[in-house]
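Everything below concerns the one structure shown next.
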There are 2 protein chains.
Amino acid sequence: MLPYEHIGYIGAMTNSPNDVTPYRLCKADALPPSDQHAQQYAAVRNAHETELLEDYVELIADLLKHQGEARSTDIAARMGVSQATVSKTVTRLKSLGLVSSKPYRSLFLTEKGEAMAAMSHQRHAIVLKFLRALGVSDHTARIDAEGMEHHVSQETLDIMQRFSREQERGGS
Amino acid sequence: MLPYEHIGYIGAMTNSPNDVTPYRLCKADALPPSDQHAQQYAAVRNAHETELLEDYVELIADLLKHQGEARSTDIAARMGVSQATVSKTVTRLKSLGLVSSKPYRSLFLTEKGEAMAAMSHQRHAIVLKFLRALGVSDHTARIDAEGMEHHVSQETLDIMQRFSREQERGGS
DNA sequence: CTAATATTTTAGCCAAGGTTAACTTATTAG
DNA sequence: CTAATAAGTTAACCTTGGCTAAAATATTAG
């Protein structure tokens with residue numbers, strides 16, 4: 001099962017009316033039914049599976065674009081991780097058909113890898129822009145976006161995008 | 001380093017001891033300097049370390065509150081995971097001083113566990129409320145909140161909270 | 001009280017994502 | 001061209017967080 005096709009998240013079963021659960025009033029917000037609850041956690045686990053892959057692929061695309069080539073050593077420096085780790089992960093990316101390279105040479109994205117990178121980049125950009133539009137400082141927005149981007153559904157992305165656009169027109 | 005030791009903060013983002021590096025401005029689509037870039041990824045890795053622990057502790061608190069007791073079997077069902085997995089994770093939670101229990105008996109939170117649960121719950125509630133205020137559907141908001149909550153800094157939380165409040169007053 | 005059932009724990013397995021240290025392969029300076 | 005350095009890979013190890021199957025402990029029904 002491949003990463004960028006799971007963005008839609010899990011199935012139906014809407015429940016629970018508008019109990020807005022203000023955290024301070026702590027009104028008895030009931031637990032959702034077990035199976036639905038489980039789906040939420042499953043969605044998170046699911047996202048975790050692809051997170052790192054997306055980050056790598058996105059970073060490789062950025063390096064290719066801005067540096068002309070994507071070298072392990074740069075990836076290691078930018079990810080804050082050892083070269084050995086990069087090497088191992090790249091092996092995995094290759095086995096997944098996302099990256100191609102010859103031994104001891106720098107990296108390229110396959111079609112599939114580029115598709116994933118494009119999507120990842122887009123999501124990242126939307127979230128980052130949204131956070132800034134909300135009023136979050138640049139530094140924080142960057143950090144939060146990095147973490148959040150893998151956990152934002154299409155529905156929310158659309159709303160974020162609309163929000164940023166409106167802010168742009170009306171706000172500044 | 002044990003991330004859950006410093007329970008004094010809410011946003012898990014900024015707990016690395018040497019995180020005071022000032023942000024350097026750069027073009028929106030340019031790559032940030034390596035070391036700064038690395039900090040972003042480090043923040044995400046850091047958040048991942050505590051995510052699951054927070055989820056457990058939060059769930060245990062919820063079960064205690066709504067069900068009167070927190071049993072492994074319920075946790076397993078709600079997390080969508082085998083009981084063996086729960087058992088192993090609970091062992092870890094106990095060794096971290098977050099949970100206490102006697103063998104074959106149900107679970108309790110230590111002070112530390114309760115503090116963590118409270119914080120986690122608060123963050124979760126803020127993010128969930130914010131997403132709804134933004135206009136995200138209930139179902140999606142729940143899923144996204146579950147994934148996002150661990151990656152939202154205090155700064156962003158504050159802004160989200162303000163947004164929800166304003167929406168509450170003006171919007172509806 | 002005992003037997004059946006339910007729950008929890010343990011043991012052994014796996015993959016991912018980290019680490020260091022040692023080795024191989026490029027690249028570059030003289 | 002060769003030697004030094006830089007970059008990439010491999011091997012051996014660790015922890016987490018999953019799993020299944022089997023064993024131990026509660027709980028409940030008869």
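The values are calculated or read from the model by the stated rules, or taken from the named source; none is laboratory data. What you are looking at is a predicted structure, and each value in this text was computed from that prediction instead of being measured. Note: ideal-geometry Cβ built from the backbone for every residue, glycine included; neighbour counts use all protein chains shown. Side chains included, ligands, DNA and RNA excluded: accessible areas come from the protein's heavy atoms. Shrake-Rupley method; radii C 1.70, N 1.55, O 1.52, S 1.80 Å.
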Within the range A:62-86, the count of residues that are open to solvent by 30 Å² or more (accessible area, probe 1.4 Å) and more than 8 Å from DNA strand C (Cβ to nearest atom) comes to 12
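Quick test for you: out of B:GLU49, B:GLU69, B:GLU54, pick the one residue that is at pLDDT below 95 and more than 11 Å from chain A (Cβ to nearest Cβ).
Exactly one residue qualifies, and that residue is B:GLU49.
Do we have any residue at all in the range B:101-114 that's under 23 Å from A:PRO32 (Cα atoms) and in a helix (DSSP H, G or I)?
Of the residues in the range B:101-114, the ones under 23 Å from A:PRO32 (Cα atoms) are B:106-109, B:113-114.
If we keep only those that are in a helix (DSSP H, G or I) too, we end up with B:113-114.
Checked the range B:101-114: at least one residue is under 23 Å from A:PRO32 (Cα atoms) and in a helix (DSSP H, G or I).
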Which condition breaks for A:GLY147 when tested against (1) within 9 Å of chain B (Cβ to nearest Cβ); (2) away from DNA strand C (no atom under 16 Å from the Cβ)? (2)
Does the range A:87-131 hold any residues that are within 14 Å of chain B (Cβ to nearest Cβ) and within 15 Å of DNA strand C (Cβ to nearest atom), and which are they? A:THR89, A:SER120
Those residues of the range A:113-123 that are surrounded by fewer than 20 Cβ atoms within 10 Å (Cβ to Cβ) and free of Cβ contacts under 8 Å to residues at least 60 places away in the same chain come to a total of 3
Can you name the number of the only condition in (1) closer than 22 Å to B:SER34 by Cβ; (2) surrounded by fewer than 23 Cβ atoms within 10 Å (Cβ to Cβ); (3) of a type outside the set (Lys, Arg) that A:ILE126 fails? (1)
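Can you name every residue in the range B:35-61 that is of a type in the set (S, T, N, Q) and within 14 Å of DNA strand C (Cβ to nearest atom)? Walk me through it before giving the result.
First, the residues of the range B:35-61 that are of a type in the set (S, T, N, Q): B:36, B:39-40, B:46, B:50.
Of everything in the range B:35-61, those that are of a type in the set (S, T, N, Q) and within 14 Å of DNA strand C (Cβ to nearest atom) turn out to be B:GLN39, B:GLN40, B:ASN46.
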Looking at (1) of a type in the set (Asp, Glu); (2) open to solvent by 30 Å² or more (accessible area, probe 1.4 Å); (3) within 19 Å of A:VAL44 (Cβ to Cβ), which one does B:ASP29 not meet, given that it meets all the others? (3)
Which one of B:GLU168, B:GLU114, B:GLU58, B:GLU155 is under 23 Å from A:LEU134 (Cβ atoms) and under 17 Å from the mean Cα position of the chain (by Cα)? B:GLU155
